[in-house]
Amino acid sequence: MSTPAARAEVLRAQLDEHNHRYYVLDDPSISDAEYDRLFAELQAIETAHPELLRPDSPTQRVGGAPLREFAEVRHRLPMQSLRKCNDEDELRDFDRRVCETLAISEAGYTGEPKLDGLAVSLIYEQGRLIRGATRGDGETGEDITENLRTIRSIPLQLRGAVPPLLEVRGEVYLPWDGFRRMVEEATARGEKVPVNPRNAAAGSLRQLDPRITAQRPLAFTAYAVGYSEGWQAPRLHSEALEQLRVWGFPVSRLVERLVGVEGCLRYFEKIGARRAQLGFDIDGVVFKLDDLAGREELGSVTREPRWACAYKFAAEEAETLLEKVEFQVGRTGALTPVARLKPVFVGGATVSNATLHNMDEVERKDVRVGDTVIVRRAGDVIPEVLGVRLPDEAARLAHEARPRIELVPACPVCGGKVERVEGEVIARCTNGLSCRAQLHGALIHFVGRKAMDIEGLGEKLLAQLIDTGRVASAADIYTLTVEELAGLERMGEKSAANVVEAIARSKQSSFQRFLFALGCPQIGETTARDLARHFGSLEALYAAAAADAPTEHDAALKDKDRFPLLRAVPDVGPTVAAHAVHFFTEPRNRAVIAALVAAGIEWPAPKAAAQGVLTGKTLVITGSLPGGVSREQATALIEAQGGKVSGSVSKNTDFVLAGEAAGSKLAKAEKLGVPVLDWAALQRLLEPAA
């Protein structure tokens, strides 16, 4: 039988190969489920044997401890900006200057889509990623290494023979599928909705907590070698791109070698025609002289190279009439204002609806019914209203005469009262599951793959069940019969039987999945997991929610003093705690939960607490642990020895485990006289007695 070290090495090699096939070759050879199985096996080995952890392990993409700030990084070679060509004449002028300076009749270029993301620099020593930084001002950027490590398309360990030192430059961006998910999730949580993929990518990369970045579906594409040591650069840029692929970097498959300005113009038209099908935002095409020696001869002016330019697409915006504004209702009751427009063709499609995000955006843009508005089909997918077009004084006066758009006082679906909680940007219908829109959205969420995973029970079938009055809560799903379902539109007996079987299978669940499926506002997958781990049972969660329920006295308390039992859960703040308290003390919710449990939904009882040298001890982890050990892995190790990990330091804390860049928790521990351990000291503490 192989040792844990040998098995870990095999798993790392397999996962690296599958990542390469998926992100670079676009040719996956195993299913997502099989990949997840291999990943979980490696994670288990590294948790049980922390000494086997390596910074370049595929498991080290979950994000480490939060940072206090980003350190500055000075680029060894400046990261220059690109000269912009806004029309064909400017592109021809660029080509003419290149040819005249190099005394050639026709130049060879590479053409590539201009990704609308953020430029980053990656530094590798002996093939291992050691640093990553933003472009910044071109001379100095920010060290975002830990955030970049979480992006799966960035290799942590290069393939084949690599230079001792290598800088690679590329773009981090957010594909449209990922952006849509971020918008939906932010809307459901009542958070500020990202304006576009570029802003969402920028915000994700600049999170001080890398664990948040790890949850964002970011992608990376390499576009150049910055500098290197011990490597003979090829003659052409296109050859350098091929070498980047060999080393394991994703490089755009849309890159082409082009001859002369006419070749560039044809490429520009071709990419423009494919823009809507790419699945990510581009705002133009980049042309670079392919000959690297010619680049040296051309040099740079100010901060722009003379050998490259960005030919920008025309802005995909249009003007049209705002005919009315309606409010859509989501599963948590969130009301989203939607502009109904006079149909207009923009971004390759006819647009008649566009998002206004929330009332803060409506007020900021001051859009009013009857205005001529500017519409952008952002990323060719989600239309949005950018603002009002007021070309003259008459238009301004007409705009001022129109009434402002106001938040509706009652839900447009059920007539329930609409409220906007202080501190949240989203207004909500307060009618809960008595609102058809909320019920439909809540049930779609409940049966989803990451919740109760009831296959075959889709949106249209749920809509029929709601409209007929057969299903009024999630609990009613578990009373459905084959005969009832078979009688519905587009349902046969076999399909009905499959759905009923899927419903029965879903009864064997987990506490974490069940909590997530309930759809409490602000409780996503991660928070549901933390609640399940912390409380272990519904009864304990109910008791905490009841004890934390606000009283008249609590109204005078500050946030830090409110909801003490819920806020003892890691990463649960006052807003999440307030939603949880309201949800789990609300009688209708309690009745539905009781009915679900009575229907047979169950999960394994929590395991008995482990016994070990840390039994009865409470530890707090702060700072970055050595060797790439994540906080989750350290927590698992402590819990395996009977200890408990808390998120805050108090007089009841037994030890503080401190790594690099430990902050206020370490200072508080020293003030309270709490013993402080480093990683080596914890390892010694856990060693069995001789």
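The values are calculated or read from the model by the stated rules, or taken from the named source; none is laboratory data. Because the structure is predicted, anything quoted here is derived from the model rather than measured. A quick note on method: Cβ atoms are made from the backbone with ideal geometry, for glycine too, and the neighbour counts reach across all protein chains shown.
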Hits in segment 297-323 (condition: part of a strand (DSSP E or B), over 26 Å from residue 97 (Cβ atoms) and modelled with pLDDT under 90): 317, 318
Among the candidates 434, 506, single out the residue that is under 32 Å from the mean Cα position of the chain (by Cα) and either over 29 Å from residue 537 (Cα atoms) or at pLDDT below 90 (or both). 434
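Working carefully through the options 676, 649, find the one that is at pLDDT 80 or above, surrounded by 19 or more Cβ atoms within 10 Å (Cβ to Cβ), farther than 21 Å from residue 57 by Cβ and among the aliphatic types (A, V, I, L, M). Please lay out each step first, then the result.
Numbers: 676 fails: surrounded by 19 or more Cβ atoms within 10 Å (Cβ to Cβ).
Being at pLDDT 80 or above, surrounded by 19 or more Cβ atoms within 10 Å (Cβ to Cβ), farther than 21 Å from residue 57 by Cβ and among the aliphatic types (A, V, I, L, M) holds for just one of 676, 649, which is 649.
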Cβ-Cβ under 6 Å pairs, at least 6 apart or on other chains, segment 387-403 side touching a residue at least 40 places away in the same chain (Cβ under 8 Å) and within 21 Å of residue 341 (Cβ to Cβ), far side polar (S, T, N, Q) and not in a helix (DSSP H, G or I): 389/372
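Which one is modelled with the highest pLDDT among residues in segment 166-212 that are polar (S, T, N, Q) and touching a helix residue (DSSP H, G or I) at 6+ places or on another chain (Cβ under 7 Å)?
204
For every residue, the table says whether it meets (1) buried (at least 18 other Cβ atoms within 10 Å of the Cβ); (2) part of a helix (DSSP H, G or I).
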residue: 464; (1), (2): no, yes
residue: 471; (1), (2): yes, no
residue: 479; (1), (2): no, no
residue: 484; (1), (2): no, yes
residue: 498; (1), (2): no, yes
residue: 504; (1), (2): no, yes
Between a residue in segment 506-525 that is among the β-branched types (Val, Ile, Thr) and any residue that is surrounded by 23 or more Cβ atoms within 10 Å (Cβ to Cβ), which pairs come within a Cβ distance under 8 Å, given they are 6 or more apart or on different chains? 523/515; 523/516; 523/531; 523/576; 523/580
For segment 315-326, state whether one or more residues are under 27 Å from the mean Cα position of the chain (by Cα) and either among the β-branched types (Val, Ile, Thr) or farther than 29 Å from residue 185 by Cβ (or both). no
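Out of all the residues in segment 324-347, which are of a type in the set (S, T, N, Q) and either part of a strand (DSSP E or B) or under 12 Å from residue 372 (Cα atoms) (or both)? First the steps, then the outcome.
Within segment 324-347, the subset of a type in the set (S, T, N, Q) is 328, 332, 336.
328, 336, listed by residue number.
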When residues of segment 1-41 are filtered for being within 20 Å of residue 154 (Cβ to Cβ) and of a type in the set (Lys, Arg), how many remain? 2
Looking at segment 140-161, is at least one residue of a type in the set (Lys, Arg), within 22 Å of the chain's Cα centre (by Cα) and crowded, with 20+ Cβ neighbours inside 10 Å? yes
Candidates 114, 84, filtered to the one that is loosely packed, with under 15 Cβ neighbours inside 10 Å, in contact (Cβ under 8 Å) with a residue 24 or more places away in the chain and closer than 30 Å to residue 204 by Cβ: 84
Whether any residue in segment 620-640 is in the same structural domain as residue 681 (by TED's automatic domain parsing), under 26 Å from residue 518 (Cα atoms) and not in a loop (DSSP other than H, G, I, E, B) is what I want to check. yes
So in segment 85-104, with the set limited to residues that are in a loop (DSSP other than H, G, I, E, B) and farther than 14 Å from residue 291 by Cβ, which one is modelled with the lowest pLDDT? 86
Take segment 415-437 and flag every residue that is at negative phi and outside any loop (DSSP other than H, G, I, E, B). 417, 418, 419, 420, 427, 428, 429, 433, 434, 436, 437
Which numbered condition residue 591 fails, given (1) modelled with pLDDT under 85; (2) in a helix (DSSP H, G or I); (3) surrounded by fewer than 14 Cβ atoms within 10 Å (Cβ to Cβ): (1)
Being touching an Asp or Glu at 6+ places or on another chain (Cβ under 6 Å) and within 25 Å of residue 597 (Cβ to Cβ) is the filter here; which residues of segment 451-503 pass it? 502
Taking segment 518-539 on its own, how many of its residues are not aliphatic (A, V, I, L, M) and not in a helix (DSSP H, G or I)? 7
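State yes or no: is residue 46 within 22 Å of residue 626 (Cα to Cα), of a type outside the set (A, V, I, L, M, F, W, C) and not assigned by TED's automatic domain parsing to the domain that holds residue 128?
Yes; evaluated as a whole, the condition is true for this residue.
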Looking only at residues in segment 244-262 that are crowded, with 17+ Cβ neighbours inside 10 Å and out of contact with any strand residue (DSSP E or B) (no Cβ under 7 Å at 6 or more places or on another chain), which one is nearest to residue 163 (Cα to Cα)? 247
Odd one out for residue 515, checked against (1) of a type outside the set (Val, Ile, Thr); (2) modelled with pLDDT of 95 or more; (3) not in a helix (DSSP H, G or I): (3)
Before we move on, is residue 426 free of Cβ contacts under 8 Å to residues at least 60 places away in the same chain, crowded, with 21+ Cβ neighbours inside 10 Å and within 26 Å of the chain's Cα centre (by Cα)? no
